[in-house]
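S.K.: The structure's right below; bear with me while I get my questions together.
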Amino acid sequence: MQAVQSYIQANRDRFLEELLDMLRIPSISADPAYKAEVSKNADLVAESLRKAGADNVRVIPTAGHPVVYGEKRIGPDKPTVLVYGHYDVQPPDPLDLWTSGPFDPVIRQTDLHPEGAIYARGSADDKGQFFMHVKAFEAMLAENALPCNVKFMIEGEEEVGSAHLEQFLNDNASMLGCDVILISDTHMISRDTPSITVGLRGLSYVEVEVTGPCKDLHSGLYGGAVANPVNILAKMIAALHDENNHITIPGFYDDVLTVTPEERKAMNEAPFDEAAYRKELQIQMVHGEAGYTTLERTSIRPTLDVNGIWGGYTGEGAKTVLPAKAFAKISMRLVPNQDPEKITDLFARHFNSLAPPSVEVKVHYHHGGYPVVTPTDTPEYLAAHKAMEKAFGKAPIPQRGGGSIPIVPLFEKVLGVKTVLMGFGLDTDSVHSPNEHYGLFFFYKGIETIPYFYQYYAELKAGAK
Ligand code: BES
Ligand code: MN
Ligand code: MN
């Protein structure tokens with residue numbers, strides 16, 4: 001293990017340079033204009049796996065963006081770890097809020113990151129994080145110290161819902177066979193409080209369209225006599241929460257598993273500085289469902305949020321018009337045991353019922369995913385716990401995350417394999433926002449931690465035999 005850590009030390013600068021090269025590719029999966037760049041990024045991931053020493057490296061096409069696969073088999077008696085990550089990124093807009101170009105990575109120091117942080121789209125989510133695994137793998141191979149079989153599956157459409165991945169898992173189930181899935185695509189509390197993510201929220205993402213008259217009308221001639229879809233949509237959206245910020249959709253909470261008072265007490269013992277949180281976001285007050293803390297609102301409770309809303313005239317100056325249509329994109333974050341399909345149905349029914357007969361409503365389903373809770377009593381969780389404790393000098397605490405990674409419940413459903421979410425980002429890394437960054441401390445700490453995971457995991461699995 002000492003040799004592996006020395007190898008990492010000796011190659012630090014090269015590792016960083018290679019990551020910066022990857023960050024220069026605008027692999028925006030949501031925008032068809034970037035299809036070639038996404039594919040170029042897949043090729044670079046493949047090349048990085050080959051260079052690190054992986055065998056059978058392939059860029060596998062799907063009906064969406066390609067999946068990159070690579071592996072190293074050292075023996076059928078050894079456990080197999082499947083590393084999952086994604087090389088696609090969210091669109092970088094609004095561009096004018098970036099201090100430097102989103103695909104022109106630069107290192108800047110901040111109070112939280114005195115060693116410097118890499119500013120670029122994808123630095124934390126997820127290129128910087130999955131790349132730690134490629135480099136840790138390279139170091140273990142180079143020093144002849146790889147204790148497990150390893151498979152890499154790095155995909156290119158996580159940020160748009162991994163729509164083609166269930167098919168991919170079904171088609172490649174035997175190639176992907178493994179004992180555990182290891183993912184770094186989540187966050188920890190802080191460098192002083194390492195944590196391991198033990199749950200992800202599910203998602204239902206819909207788009208709604210409200211139609212009034214057949215065309216835009218003069219708002220003086222018709223205003224007051226014909227339904228204005230924007231007015232009506234605003235009213236319908238407002239009706240989706242009550243005065244306690246509970247969601248009003250009938251049946252919405254029916255399947256929500258209650259979290260015991262003991263569990264809630266434990267999760268609220270995690271360090272959380274509300275004043276710092278407000279300061280970072282420049283808000284006077286937090287806002288959310290009555291009866292729950294901020295930590296609970298962002299992990300164990302479901303939510304409904306408008307992600308975008310438009311309609312009518314939004315250009316320069318003023319145009320007097322009564323718009324024909326109004327639209328909104330709405331996401332619902334789900335918790336165990338809510339079912340995205342059922343929730344989408346409940347939403348559609350309720351939303352339609354809110355509309356007056358003067359308009360027509362369409363609800364279009366974009367994508368979704370199931371919530372998941374990962375166990376803490378498995379050899380893989382214990383291995384991650386020990387690895388982080390070793391690298392950070394402090395035991396990590398379990399914490400449920402608020403985001404979604406749609407493939408995690410699918411790994412469980414299709415392959416029957418559980419996941420460990422050992423992520424090294426921070427909530428303040430601005431993922432999906434302007435000025436996304438990833439601290440160098442966390443990048444190197446991750447590379448240092450991963451080989452310990454393999455070592456402890458192999459030991460624990462051998463001991464269990
Ligand atoms: N890496 C995130 C998910 C995440 C981040 C989970 C931090 C927990 C903590 C992932 O890339 C992501 O953004 N997922 C999307 C999924 C969606 C597009 C289906 C999300 O959560 O919005
Ligand atoms: Mn991610
Ligand atoms: Mn993301």
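The values are calculated or read from the model by the stated rules, or taken from the named source; none is laboratory data. All values derive from a computational prediction rather than experimental measurement. Quick reminder, even Gly has a Cβ in these numbers, built from the backbone with ideal geometry, and neighbours come from all protein chains shown.
S.K.: Please list, ordered by first then second residue, the pairs with beta carbon atoms under 7 Å, 6 or more apart or interchain, first in region 35-52 and within 16 Å of residue 141 (Cβ to Cβ), second in a helix (DSSP H, G or I).
M.R.: 48/18; 48/134; 49/134; 52/134; 52/137; 52/138; 52/141
S.K.: Taking only region 166-191 into account, find how many residues are in a loop (DSSP other than H, G, I, E, B), within 16 Å of ligand 1 (Cβ to nearest atom) and surrounded by fewer than 21 Cβ atoms within 10 Å (Cβ to Cβ).
M.R.: 2
S.K.: While we're looking at this one, here's another question. Looking at 423, 439, which is the one that is within 16 Å of ligand 3 (Cβ to nearest atom) and within 22 Å of residue 89 (Cα to Cα)?
M.R.: That would be 423, the only listed residue that is within 16 Å of ligand 3 (Cβ to nearest atom) and within 22 Å of residue 89 (Cα to Cα).
S.K.: How about region 134-145: which of its residues are surrounded by 24 or more Cβ atoms within 10 Å (Cβ to Cβ) and part of a loop (DSSP other than H, G, I, E, B)?
M.R.: Scanning region 134-145 gives no hits.
S.K.: Look at region 199-215 and say how many of its residues are in contact with a helix residue (DSSP H, G or I) (Cβ under 8 Å, 6 or more places away or on another chain) and within 16 Å of ligand 1 (Cβ to nearest atom).
M.R.: 5
S.K.: Here's something else I'd like to know. Answer yes or no as to whether residue 126 is free of Cβ contacts under 8 Å to residues at least 12 places away in the same chain and acidic (Asp, Glu).
M.R.: no
S.K.: Can you tell me which residue in region 395-409 is farthest from ligand 1 (Cβ to nearest atom), limited to those that are closer than 19 Å to residue 166 by Cα and touching a helix residue (DSSP H, G or I) at 6+ places or on another chain (Cβ under 8 Å)? Steps first, answer last, please.
M.R.: Here is the first cut: in region 395-409, the residues closer than 19 Å to residue 166 by Cα are 404-409.
Now drop any that are not touching a helix residue (DSSP H, G or I) at 6+ places or on another chain (Cβ under 8 Å), which leaves 405-407.
Details: 405: 5, 406: 5, 407: 9 Å.
Only one residue fits best here, namely 407.
S.K.: Here's another thing I want to ask about it. Would you list the strands (runs of 3 or more DSSP E) that sit entirely within region 380-465 and hold 1 or more residues that are more than 16 Å from ligand 2 (Cβ to nearest atom) and at pLDDT 95 or above?
M.R.: 397-400, 437-439
S.K.: Can you tell me which of 432, 366 is on the phi < 0 side of the Ramachandran plot, within 16 Å of ligand 3 (Cβ to nearest atom) and in contact (Cβ under 8 Å) with a residue 24 or more places away in the chain?
M.R.: Being on the phi < 0 side of the Ramachandran plot, within 16 Å of ligand 3 (Cβ to nearest atom) and in contact (Cβ under 8 Å) with a residue 24 or more places away in the chain holds for just one of 432, 366, which is 366.
S.K.: Here is a further query. Only one of (1) within 22 Å of residue 452 (Cβ to Cβ); (2) part of a loop (DSSP other than H, G, I, E, B); (3) touching an Asp or Glu at 6+ places or on another chain (Cβ under 7 Å) is not met by residue 8, so which one is it?
M.R.: The single condition residue 8 does not satisfy is (2).
S.K.: Looking at region 124-171 only, could you name the residues that are of a type in the set (Asp, Glu), away from ligand 2 (no atom under 16 Å from the Cβ) and farther than 19 Å from residue 16 by Cβ? Spell out how you get there, then give the answer.
M.R.: First, pick out the residues of region 124-171 that are of a type in the set (Asp, Glu): 125-126, 138, 143, 155, 157-159, 166, 171.
Still in the list and also away from ligand 2 (no atom under 16 Å from the Cβ): 138, 143, 166, 171.
Correct list: 143, 166, 171.
S.K.: Let me ask something else about it. Just to check your reading of the model, which residue among 340, 406 is assigned by TED's automatic domain parsing to the domain that holds residue 234, under 21 Å from the mean Cα position of the chain (by Cα) and either surrounded by 19 or more Cβ atoms within 10 Å (Cβ to Cβ) or over 21 Å from residue 252 (Cβ atoms) (or both)? First the steps, then the outcome.
M.R.: On the way: 406 fails: assigned by TED's automatic domain parsing to the domain that holds residue 234.
Going through 340, 406 in turn, just one is assigned by TED's automatic domain parsing to the domain that holds residue 234, under 21 Å from the mean Cα position of the chain (by Cα) and either surrounded by 19 or more Cβ atoms within 10 Å (Cβ to Cβ) or over 21 Å from residue 252 (Cβ atoms) (or both): 340.
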